[in-house]
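To start, the structure itself, in structure tokens.
Any read-out appearing in this document is the output of simple, stated calculations on the displayed coordinates, not a laboratory observation. Treat the numbers as computed from the prediction; the structure is a model and nothing was measured. So basically every Cβ, Gly included, is an ideal-geometry build from the backbone, and we count neighbours across all protein chains shown.
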Amino acid sequence: MKLQDKIYIAGHRGLVGSALMRRLEAGGYINLLTRTHAELNLTNQAETEAFFEQEKPDHVFLAAAKVGGILANNTYPADFIYQNLAIQTNIIRAAYKNQVKRLLFLGSSCIYPRDCPQPMKEEYLLTGPLESTNRPYALAKIAGIEMCWSFNRQYGTQYLAVMPTNLYGPGDNYEPNNSHVLPALIRKFHEAKNSSATNVTVWGTGNPRREFLYSDDMADACVYLMNLADDKFQPLLAANRNFGLSPVINIGVGEDVTIKELAELVKQAVGYGGKIIYDQSKPDGTPRKLMDISRTRELGWQAGTSVYDGIRLAYSDFLGREFELTTAPLVEALPY
């Protein structure tokens, strides 16, 4: 990407999109295109195509999506599958019609089978049943991967699907009813500290293992991949493969922690002095979710933020936004 190229960041105000904005601005890119939902409804095909025809972006980061934790996925499955399918379908098709040079489609580790071998390699996609609690969202993301692959094969486009592990960081969602496990724990420990609660209850045994990637590291990886030379980027697109490895590449840190370890790290970062109680009557979820990141490492990229440093940065962001948050009771979050 040249510094003067038009770069469209779809979903620029979310956790992923805002991190991309920070990274691109820090890198000196001066022609960033953004639209709020009020300005552009990406589920509307006509609006999306009119925007692309008018602006003609050179590159696209497709970070717009409806996201949430297990409770939100279970409560609004129709919204999750419809909105995500509509957004990505409209953007990918409009990108092709308007000769976008490269597109990066942001997915999620939930595309992999529920009982996937660990660490999860890209070739494990579609080799087993998905986790039922977020299947509509996962299927939408898998459809987006297939759409990128199909356009690459049929039209020679350069659309790459990146699959980050569990993300957290500035701009995260701490809303009580649909946040993921790490922001939910940050809010829970913070409120316990402020109320002088003697203990905090966490669902499950605390034994499941999860991998967490700081959002600014994720953004750095995305920009790094988009700037790969053709001889490194094009082989990732799988344009000449009718079967086998699709245009997917994992982004992660290559190591995980137990939910118990995570809770202790959040407790330390928040400065909470009480006790952690594990409610073993509640489900644990998937035992382990760790990404295989050998391909990104081979390409020369590696995350630079430790999980403890990242949690401290995330908590600082939470404190700065605390006044915006609802005062409704916090709903428990599974180790998603």
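Things to note:
- Using alpha carbons only, the radius of gyration of the range 77-205 set against its Kirkwood radius gives Rg/Rh = 1.07.
- Compared with the dominant principal axis of the Cα atoms in the chain, helix 15-26 is inclined by about 60°.
- Computed E for residue 75/residue 205 - FRET, C-beta separation, R0 25 angstrom, nearest 0.05: 0.50
- Proportion of all alpha-carbon pairs of the range 71-136 beyond 16 Å (%): 60
- From the Kirkwood radius over Cα pairs of the chain, Stokes-Einstein at 4 °C and 1.567 mPa s returns a whole-number translational diffusion coefficient of 64 µm²/s.
- Relative contact order %, the chain, counting alpha carbon pairs below 8 Å whose residues are six or more apart: 21
- Computed helical MRE - 222 nm, the chain, DSSP H runs ≥ 4 contributing -39500 (n - 2.57), nearest 500: -12500 deg cm²/dmol
- The dipole here belongs to the range 78-170: it is taken about the Cα centre, uses +1 on the Cβ of Lys and Arg and -1 on the Cβ of Asp and Glu, and is about 380 debye.
- Straight-line cross-link reach from residue 2 at under 19 Å between alpha-carbon atoms covers these aspartates and glutamates, not counting any fewer than eight positions away in the same chain: 25, 55, 58, 220, 230, 231.
- Note on the range 176-327: lysine pairs with Cα distance below 18 Å, sequence gap of 8 or more or different chains, count 10.
- Applying 1/(1 + (r/R0)^6) with r as the Cβ-Cβ distance of residue 268 and residue 55 and R0 = 45 angstrom yields a FRET efficiency of 0.45.
- Angle of helix 77-97 to the longest C-alpha principal axis of the chain, folded into 0 to 90 degrees and rounded to 10: 30°.
- Amide N proximity, the range 207-240 versus residue 309 label position 7 Å along Cα-to-Cβ, cut-off under 17 Å: 212-221
- Ellipsoid fit via the Cα gyration tensor, the range 1-150: semi-axes of 27, 17, 15 Å, each the root of five times an eigenvalue, largest first.
- To the nearest ten degrees, helix 259-270 and the longest principal axis of the Cα atoms of the chain are 80 degrees apart.
- Annotation: extensible slack from residue 261 through residue 195 equals 21.4 nm (criterion: 0.36 nm per residue apart, minus Cα-Cα distance).
- Under-5 Å amide H pairs with residue 213, H placed in peptide plane, nonlocal only: 166, 167, 168
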